[in-house]
1. For n ≥ 4 DSSP H runs only, could you compute -39500 (n - 2.57) per run for the chain, divide by its residues and tell me the 222 nm figure to the nearest 500?
2. How high is the relative contact order of the chain? Use alpha-carbon pairs under 8 Å, at least six apart in sequence, and give a whole percent.
3. Taking the beta-carbon count within 10 Å as an exposure proxy, list 375, 461, 447 from fewest neighbours to most.
4. For the Cα atoms of the chain, what angle does the longest principal axis make with the long axis of helix 146-177, in degrees from 0 to 90, nearest 10?
5. Using the per-residue mean of other Cβ atoms lying within 10 Å as a proxy for protection, in what order, highest first, do the peptides 190-198, 391-399 fall?
6. Specify the angular offset, from 0 to 90 degrees and rounded to the nearest 10, of the alpha carbon long axis of helix 449-481 from the longest principal axis of the alpha carbons in the chain.
7. Order these by the 10 Å Cβ neighbour count, fewest first: 83, 444.
8. So, R0 is 56 Å and r is the distance between the beta-carbons of residue 438 and residue 23; what FRET efficiency does that work out to, to 0.05?
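Values in this text are rule-based calculations from the coordinates and carry no lab data. Here the structure is a predicted model, which means the values were calculated and not measured. Cβ placement follows ideal geometry from the backbone for every residue including glycine, while neighbour counts extend to all protein chains displayed.
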């Protein structure tokens with residue numbers, strides 16, 4: 001009997017041989033394409049919402065559900081999707097996720113009313129919850145060499161971090177050039193390429209084939225994550241004091257505590273607690289959560305500022321985010337392949353958070369008469385560098401060293417942290433921004449266009465300050481939690497046992 005973890009590098013004769021070098025990078029391309037499709041859909045529809053609303057005639061109150069339906073289904077089903085990939089095979093989960101995502105995207109694009117569109121968005125989230133952890137776990141099990149793995153995760157992490165900005169760009173281009181429906185139809189094109197590549201390149205290895213699905217754990221965590229995300233979503237449209245907000249937040253917390261308790265007693269736990277007990281991995285989950293929350297301050301409010309205050313078109317708004325994307329990708333490559341292997345995560349990830357915090361604080365200098373080149377562009381580059389040093393290394397650390405049979409659920413946990421972080425960030429920053437605008441207007445001439453414009457600036461800068469605070473907190477938490485030194489294979493990592 002022998003045992004190993006994913007990053008040991010040793011193999012026994014019973015294991016499938018690792019993919020040849022060239023094939024590995026093609027697998028990375030396929031996985032990255034699928035991940036891009038999932039991440040895009042968190043933001044690509046946002047820019048198209050006004051056009052979709054005018055076309056289908058739904059109310060302002062219903063508008064948020066086009067975004068929220070996706071987030072709710074995605075977040076609540078992620079751990080189930082991750083465990084499904086472990087149980088039934090990653091290739092199967094990946095291909096079913098790709099086909100399902102494409103089919104319901106086509107359904108959404110052909111929507112004739114609000115109900116049809118919101119149903120399609122919820123189903124997109126469900127298939128995304130199957131696809132995203134399968135994609136990340138495929139990456140984790142394909143790249144076992146440390147240097148190659150670092151490069152692969154720099155690409156994957158850059159897509160996860162910059163996908164929201166790319167979604168804004170692509171959403172703007174498709175809405176301007178074609179029609180809002182193409183923000184959904186485009187997934188069919190991407191899915192055809194991802195499916196063809198996955199069918200040819202992937203093998204269907206099941207590492208947890210002898211386990212069974214933890215049904216009580218699945219129900220508890222799905223209900224808990226749903227309640228949590230739904231509660232934060234309600235904070236945007238209701239109030240923090242509303243029972244629809246705090247009631248669901250409390251219910252979500254109780255259900256997740258019950259889930260954690262059940263995982264210590266279940267014979268086949270959905271989320272084996274050994275995954276969370278490694279200090280670097282737990283720190284990485286927190287880093288992904290905080291970066292997800294803080295990032296929405298950039299995407300959401302800066303999008304409004306560029307379009308409403310500077311008069312940018314949807315396409316021009318998307319282009320304006322590209323320097324941030326470029327900086328993030330360069331920093332991702334540098335962080336995962338050079339800095340973390342030499343300095344360790346305790347130095348690199350807190351540094352990235354600190355740089356992002358400086359960029360966000362700098363961005364609070366925007367004004368009614370500001371211009372993009374001097375007041376937005378340099379700040380975006382700094383934020384991109386900071387996030388590039390946080391997200392890809394954190395994702396790599398969060399999934400490294402787990403047993404092969406736990407790769408899917410560890411990957412799902414990363415995605416869940418990012419999704420819940422995004423929900424928290426959106427609700428918290430929206431509420432704080434709205435309060436800041438209301439406070440500014442108090443005692444002033446609310447009919448004056450200049451006063452109204454300044455009130456919106458006040459709301460944006462408040463959100464940016466709070467995002468800076470989130471990143472600063474992330475720097476402190478990461479510094480305290482990560483272990484010193486260059487990461488080594490954890491001797492206590494969950495083993496893969498071969499008979």
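1. Calculated at 222 nm, the ellipticity per residue is -25500 deg cm²/dmol.
2. RCO, the chain: 24 percent.
3. With the sparsest Cβ surroundings first, the list reads 447, 375, 461.
4. 30
5. 391-399, 190-198
6. The answer is roughly 20 degrees.
7. 444, 83
8. For residue 438 and residue 23, the calculated efficiency is 0.45.
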